[in-house]
Amino acid sequence: MPLTALIADDEAPLREQLRTRLAQAWPELRIVAEAANGAEAVALAAEHKPDIVFLDIRMPGMGGIDAARQLYDRCHIVFATAYDQYALDAFEQGAIDYLLKPVTPARLQTTCERLRKRLAGNAAAPQDIGAQLAELGALLKGGSAAAKPNYLRWIQAQVGGSLRMVSTREILFFQADDKYTCVQTASTQLLIRKTLKELADELDPDEFWRIHRSTLVRVDAILEVTRDLRGRQMVRLRNYPELLEVSRNHGYLFQQM
């Protein structure tokens with residue numbers, strides 16, 4: 001009999017993305033159900049009895065940790081999280097696996113291989129991870145990560161008749177373009193209807209800096225800052241050929257220049 005899995009995430013596009021990537025990484029794995037919150041996951045798991053449950057940590061109502069407390073003795077748990085500071089020490093104990101959003105094919109492949117070995121060997125029965133779950137729950141409630149604002153992590157862009165999901169980690173910069181905002185990645189350019197002001201309010205200010213009234217740049221995409229012949233500060237990005245101007249009002253971001 002093929003192994004089965006359940007996916008729980010409150011965002012339908014992310015459930016679909018994980019389902020698609022699982023089909024590529026583990027074609028034999030059969031997805032028997034999808035849930036939008038922890039309570040649904042528990043109910044559907046009781047009905048379908050999956051071997052594996054992929055649980056988003058942050059979901060409305062019952063979250064992934066509370067759902068896992070009711071499921072870990074019946075199935076193998078894999079958590080998904082958008083925040084890498086979420087108690088990774090507890091994850092790395094080995095009994096609990098995790099996927100960091102956005103889920104990359106390489107990380108998912110590693111997780112699938114680990115699950116295959118676990119389910120095929122002497123450890124096929126779910127391990128007792130009650131202690132680790134208690135530790136995770138305490139860290140999430142009392143740790144600094146729990147207080148971190150829920151910043152925008154995905155951008156939705158209409159492309160023809162399809163909705164494309166773009167992780168903010170892929171985006172080099174946003175630039176105002178008349179009634180639209182241009183979203184530039186290393187490989188493509190998309191247009192969205194969100195204004196630059198809305199984006200500036202919703203994005204993590206430690207990850208995106210406003211270098212011009214019309215430009216937001218992802219900080220870790222910046223390769224260098226130079227000055228042109230007119231003395232203007234210009235930003236050079238990784239994997240992008242054109243320079244972006246830094247306005248005088250935002251020059252304080254690069255005070256050493």
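The values are calculated or read from the model by the stated rules, or taken from the named source; none is laboratory data. Model, not experiment: these values are computed from the prediction. Positions of Cβ are backbone-derived with ideal geometry, glycine not excepted, and every protein chain shown enters the neighbour counts. To get the accessible areas, we keep the full protein, side chains included, count just its heavy atoms, and leave off ligands, DNA and RNA. Shrake-Rupley method; radii C 1.70, N 1.55, O 1.52, S 1.80 Å.
Here are the numbers for the structure shown:
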| read-out | value |
| --- | --- |
| 13 Å beta-carbon shell around L108, net charge (K/R +1, D/E -1) | +4 |
| Cβ crowding within 10 Å averaged over residues, with 72-79, 239-246 ranked highest first | 72-79, 239-246 |
| Computed FRET value (nearest 0.05) for E198 with L3, which takes r as the C-beta separation and R₀ as 45 Å | 0.55 |
| Taking the range 1-71 and dividing mean pair separation by its residue count, relative contact order in percent (alpha carbons under 8 Å, at least six apart) | 39 percent |
| Net lengthening on full extension, R232/D206 (0.36 nm per residue, minus Cα-Cα) | 7.0 nm |
| Relative contact order computed over the range 171-257 (Cα-Cα under 8 Å; 6+ residues apart), in percent | 21 percent |
| Extension reserve of the Y252-Q156 stretch, reckoned as 0.36 nm per residue once the Cα distance is removed | 31.4 nm |
| Per residue solvent-accessible surface (Å²) - the range 159-257, probe of 1.4 Å | 63 Å² |
